[in-house]
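K.L.:
Handing you a structure now.
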Amino acid sequence: MTTLHEPDAAPVDAATRPVEHRTGPARLRRVDPAVAAPVVASVVVMLVVGLWGLDRGSMWLDEAATYTVATRPVHQILAVLQNIDLVHGAYYLFMHLWLLPGGGEVWMRVPSVLGMAVGAGATAALGVRLAGPRTGLVAGLLFAGWPLVSYYGQEGRSFALVLGAVLLATWCLVQALASGRRRWWWGCTVCLVTAATLHEFAVLAVAAHAVTLLLARPAWRVWRAWLLSAVVCGLLVAPLAWLTQQQAGQVSYMTSPTWSTLTDLAAKFLSVNLWLSLVLVALVAVGTVAEVRRRPPTPLGLAAVALPLLLVPVGLLLAASLVHPFFQVRYVLFSVAGLPLLAGRGVDQLASTAARVTRRTAVGWVVAVVLVLAVSLAQLPALRHERTTGSRSQDFAGAAAVVAAVARPGDGVLFLPLSYRLGAMAYPDAYAGVDDLALKRSAVQAANLRGTNRTPDAIRKEMLTRQRIWVVSTKNQRVKAGDEVGAAEMAVLKDHFAAEQLFPAPGAGVRSLEVHLYVRTDAG
């Protein structure tokens with residue numbers, strides 16, 4: 001059975017040593033403050049960061065999908081899942097229960113905040129368990145302030161919950177390796193099944209855990225326990241994976257990874273700020289080297305957990321996407337936790353070195369505090385931006401407010417692309433007095449996300465009966481090749497109407513959503 005050992009004895013202050021957890025009859029019966037304090041602090045800070053600016057003013061496309069589906073009756077949700085979005089089915093049903101008492105878009109985002117709080121606590125706990133209280137505290141705090149974590153911690157989607165479940169499973173894995181107790185293996189299995197049910201790509205964490213075991217070199221009975229856990233997870237998730245393959249057309253728009261995919265991945269996982277990215281990479285490198293050179297060596301160190309979690313799921317999904325493109329950063333969001341873990345170990349190593357050189361424990365803590373504050377302050381502009389409507393692709397609430405203020409009874413409205421109809425479904429009161437000229441069947445009638453369109457000829461006839469038409473579209477009203485409906489709509493608008501852009505206001509900045517009011521120019 002694998003056990004956890006003390007790290008390098010060189011640091012002079014006990015805060016850098018991992019906390020010993022006794023197992024068996026003699027195990028501790030009270031909560032160790034050295035374990036609890038970093039975990040509680042990380043959870044509290046994550047809750048504060050997550051709740052800060054949670055009402056950023058608008059849903060965007062994916063959140064509108066969550067809200068409009070989850071607020072339907074259960075039988076209608078199940079009807080939708082037969083046609084589309086089965087991969088998110090468990091999340092939609094959970095959100096249906098969550099939204100039953102009421103509440104709007106802000107309440108919809110709260111589960112993601114809670115999921116990230118679990119992730120922050122698990123990150124801190126892993127740091128404490130594998131490298132000591134200071135590493136755990138720093139890792140948890142860095143995690144809470146990580147821009148990508150903060151971004152998805154305020155999204156009305158499943159990915160923060162997936163992250164929380166995967167990191168909790170990783171904690172259970174480490175506990176199982178340390179204690180050999182069956183309950184930890186079952187905990188790991190339950191968490192992984194939960195994560196994969198919310199989004200099936202969470203099964204990539206199983207591969208990361210396998211690499212961790214290879215590095216830990218456990219006894220065969222430990223491998224048997226892990227294999228049982230992996231098999232149970234696979235058997236329970238396999239039916240969902242098979243069914244979702246029938247809806248693979250949903251991701252047909254994705255392309256194979258390119259160099260820009262890797263640069264985008266690096267920018268999101270680290271920072272768009274080059275200097276901050278270099279600092280974070282340096283801290284990760286210091287932490288990794290410190291773990292590799294640890295004396296005495298440990299079968300299971302922090303690097304053996306953090307590096308596979310960071311690299312294996314991302315690498316596997318990138319490789320698979322060369323054959324069947326479906327790589328998105330959010331699908332492997334849980335991998336980002338490897339960075340604050342290693343960076344936290346790097347901060348701890350630098351702090352320990354400073355304490356040893358000066359022979360003052362307080363100096364080590366000052367170094368740690370300064371580094372954490374410096375990184376956090378450098379990330380503050382990104383965190384502030386995430387709490388604005390401009391941080392997301394669409395500002396449906398802003399568009400709805402313009403329509404509500406200026407629209408007249410009998411006005412028509414068109415959506416280019418059709419998916420932007422979700423904005424009207426998310427804010428229905430604003431569009432109550434206008435007619436959707438392209439709509440043939442509503443989303444409920446069609447059992448999908450956004451309904452179906454009339455034929456191009458029928459839409460032309462409807463358009464020519466109106467004097468004013470609102471158009472909610474992508475920037476510059478681009479129509480995709482092969483979109484006959486969009487092309488027909490734009491042709492009629494060009495020949496018979498003149499446009500005035502009302503949203504965003506000229507000079508307000510680049511956004512991917514625009515609202516134009518088209519007024520009839522001919523006699524009609």
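The values are calculated or read from the model by the stated rules, or taken from the named source; none is laboratory data. Nothing here was measured: the structure is a model prediction, and the numbers come from that model. So basically every Cβ, Gly included, is an ideal-geometry build from the backbone, and we count neighbours across all protein chains shown. Just the protein is used for accessible areas: all its heavy atoms, side chains included, with ligands, DNA and RNA removed. Shrake-Rupley method; radii C 1.70, N 1.55, O 1.52, S 1.80 Å.
K.L.:
Out of LEU502, LEU517, LEU493, report the one residue that is within 24 Å of SER393 (Cα to Cα), open to solvent by less than 20 Å² (accessible area, probe 1.4 Å) and modelled with pLDDT of 85 or more.
P.N.:
The match here is LEU517.
K.L.:
In the range 152-167, is there at least one residue being of a type in the set (D, E, K, R), open to solvent by less than 10 Å² (accessible area, probe 1.4 Å) and either in a helix (DSSP H, G or I) or touching a Phe, Trp or Tyr at 6+ places or on another chain (Cβ under 8 Å) (or both)?
P.N.:
Scanning the range 152-167 turns up no residue that is of a type in the set (D, E, K, R), open to solvent by less than 10 Å² (accessible area, probe 1.4 Å) and either in a helix (DSSP H, G or I) or touching a Phe, Trp or Tyr at 6+ places or on another chain (Cβ under 8 Å) (or both).
K.L.:
Look at the range 445-463 and say how many of its residues are more than 35 Å from the chain's Cα centre (by Cα) and among the β-branched types (Val, Ile, Thr).
P.N.:
So the answer is 2.
K.L.:
Identify the residue in the range 347-365 that is more than 37 Å from the chain's Cα centre (by Cα) and hydroxyl-bearing (Ser, Thr, Tyr) and, among all such residues, is surrounded by the fewest Cβ atoms within 10 Å (Cβ to Cβ).
P.N.:
Applying the filter and picking the extreme gives THR358.
K.L.:
Has the range 190-206 got at least one residue that is open to solvent by less than 50 Å² (accessible area, probe 1.4 Å) and more than 20 Å from the chain's Cα centre (by Cα)?
P.N.:
No; the residues of the range 190-206 include none that is open to solvent by less than 50 Å² (accessible area, probe 1.4 Å) and more than 20 Å from the chain's Cα centre (by Cα).
K.L.:
Conditions: (1) hydrophobic (A, V, I, L, M, F, W, C); (2) open to solvent by less than 10 Å² (accessible area, probe 1.4 Å); (3) under 18 Å from GLU386 (Cβ atoms); (4) within 16 Å of the chain's Cα centre (by Cα). LEU148 meets all but one. Number of the miss?
P.N.:
(2)
K.L.:
Same structure, new question: Inspect the range 360-367 for any residue being modelled with pLDDT of 95 or more, within 17 Å of VAL284 (Cα to Cα) and out of contact with any Lys or Arg (no Cβ under 8 Å at 6 or more places or on another chain) and give the result as yes or no.
P.N.:
For the range 360-367, residues modelled with pLDDT of 95 or more, within 17 Å of VAL284 (Cα to Cα) and out of contact with any Lys or Arg (no Cβ under 8 Å at 6 or more places or on another chain): present.
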